[in-house]
Amino acid sequence: MNDIVLLKGDGIGPEITSTVVKILDAAGANLNYKEFDIGQTAFDKVGELIPKETMEAIKECKVALKGPVTTPIGKGFKSVNVSLRLAFDLYVNLRPAKSIEGISKYNNVDIVTIRENTEDLYIGEEKDIDGGFEAIKRITTKSSERIIRYAFEYAKKFGRKKVTCIHKANILKKTDGLFLSLFNDIAKEYSGIEADNKIIDNMCMQLVMYPEKYDMLVAPNLYGDIISDLIAGLVGGLGLVSGANIGSDVAIFEAVHGSAPDIAGKGIANPLALLNAACMMLDHIGKKDVSEKILVAVDKVLKAKAILTQDLGGSATSEEFTNEIVKNLQLRS
Ligand code: NAI
């Protein structure tokens with residue numbers, strides 16, 4: 001039985017994590033959940049967004065499933081997600097996105113985005129200058145090399161055919177220039193995988209016009225952030241897409257949407273994004289057989305279209321939708 005840190009988070013977080021646990025248990029994932037607070041809920045209890053015990057638990061278990069958190073209103077709060085990435089050096093942000101027949105706006109998307117997670121403009125170094133402010137964009141050889149190598153290794157492992165590097169090296173000749181030249185060098189080590197590169201603005205247009213031409217993308221932090229939400233839109237929105245933050249020791253899996261305070265407590269939230277994150281987690285801990293079982297059941301429910309949550313065009317509650325997935329899991333076994 002694997003130990004998993006379960007961070008329910010805020011808003012719809014507790015609802016969707018309970019739902020996902022129900023599905024994981026029904027699928028026979030055999031996980032031992034260790035529940036800890038994070039976000040506004042933790043702040044209200046102990047005055048910290050990420051309490052020390054939560055950090056310790058993640059360090060010890062090495063794998064966490066995290067619900068969305070609310071960023072408290074007011075100045076001086078560091079983003080929980082950025083803090084976790086920096087504390088555990090979670091240098092990879094992995095976002096697979098695949099079209100779902102009849103639900104996605106585009107039916108030809110199957111793209112894995114690998115975003116560098118620790119530097120670029122997200123280091124948050126801003127300073128006053130005459131007449132305004134200035135922000136530092138940091139791109140280092142070490143961080144760029146490891147994310148680019150991770151992308152090619154992922155392509156090799158999962159049989160992906162092409163990796164496209166996203167950059168703006170025509171303008172940012174040193175920072176993005178370094179990222180692109182490291183990409184070109186590392187690509188030479190992977191002769192069976194096609195290497196391609198696109199300038200960020202062109203990439204946005206290409207993805208909207210010809211998403212089927214793209215397989216895997218690797219990008220510095222900011223471009224990766226923007227492009228992965230664009231791709232989420234192509235496949236049906238944030239309610240469906242999940243992400244993993246992975247380091248050499250710790251990995252944290254989450255939905256990419258926020259805590260959705262507007263629908264919290266109404267029992268109508270779509271648990272699929274967090275469920276997809278849980279499936280990525282199962283793959284990570286060597287339980288691909290269980291994740292495949294869940295994905296087949298989900299696929300059946302989505303294709304049948306009889307019981308869907310409101311964001312997917314249906315009228316079912318989260319509970320009804322969850323029960324339908326569980327029913328399909330049981331039908332299969
Ligand atoms: P949001 O993603 O929470 O909500 C945007 C819209 O999508 C809302 O209308 C919401 O009802 C809907 N939505 C989101 N998830 C859904 C789901 N599973 N099922 C059905 N509908 C869903 O973004 P918003 O409102 O900008 O942020 C709310 C809070 O979440 C903020 O405090 C923000 O800082 C935080 N946030 C946290 C994230 C995280 O923990 N990973 C990511 C993004 C935002």
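The values are calculated or read from the model by the stated rules, or taken from the named source; none is laboratory data. Being a predicted model, the structure only gives us computed values, none of them experimental. Here the Cβ is made from the backbone with ideal geometry for all residues, glycine too, and neighbour counts use every protein chain on show. When the accessible area is computed, the model is the full protein with side chains, heavy atoms only, and any ligands, DNA or RNA have been set aside. Shrake-Rupley method; radii C 1.70, N 1.55, O 1.52, S 1.80 Å.
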Got at least one residue in the range 61-73 being over 26 Å from residue 261 (Cβ atoms), touching a Leu at 6+ places or on another chain (Cβ under 7 Å) and open to solvent by less than 50 Å² (accessible area, probe 1.4 Å)? no
Any residue in the range 89-108 that is touching a residue at least 24 places away in the same chain (Cβ under 8 Å) and surrounded by 15 or more Cβ atoms within 10 Å (Cβ to Cβ) sitting within a Cβ distance under 6 Å of a residue that is among the hydroxyl-bearing types (Ser, Thr, Tyr) and outside any loop (DSSP other than H, G, I, E, B)? List the pairs, counting only those 6 or more apart or interchain. 92/150; 95/113; 95/228
Residue in the range 1-21 that is away from the ligand (no atom under 13 Å from the Cβ), in contact (Cβ under 8 Å) with a residue 40 or more places away in the chain and assigned to a helix (DSSP H, G or I) present: no
If you check residue 249 against the conditions, is it away from the ligand (no atom under 12 Å from the Cβ), open to solvent by 30 Å² or more (accessible area, probe 1.4 Å) and part of a loop (DSSP other than H, G, I, E, B)? yes
Has the range 11-27 got at least one residue that is more than 25 Å from residue 293 (Cα to Cα) and touching a Lys or Arg at 6+ places or on another chain (Cβ under 7 Å)? no
So which residues in the range 253-269 are within 10 Å of the ligand (Cβ to nearest atom) and either outside any loop (DSSP other than H, G, I, E, B) or under 16 Å from the mean Cα position of the chain (by Cα) (or both), if there are any at all? 254, 255, 256, 257, 258, 259
Would you point out the residue of the range 161-183, among those that are open to solvent by 50 Å² or more (accessible area, probe 1.4 Å) and in a loop (DSSP other than H, G, I, E, B), that is farthest from residue 201 (Cα to Cα)? 161
Looking at (1) surrounded by 20 or more Cβ atoms within 10 Å (Cβ to Cβ); (2) within 13 Å of the chain's Cα centre (by Cα); (3) over 30 Å from residue 60 (Cβ atoms); (4) within 15 Å of the ligand (Cβ to nearest atom), which is the only condition residue 238 fails? (1)
Number of the exception - residue 149 against (1) of a type in the set (Lys, Arg); (2) within 24 Å of residue 240 (Cα to Cα); (3) assigned to a helix (DSSP H, G or I): (2)
Just to be sure, is residue 289 more than 28 Å from residue 116 (Cβ to Cβ) and surrounded by fewer than 20 Cβ atoms within 10 Å (Cβ to Cβ)? yes
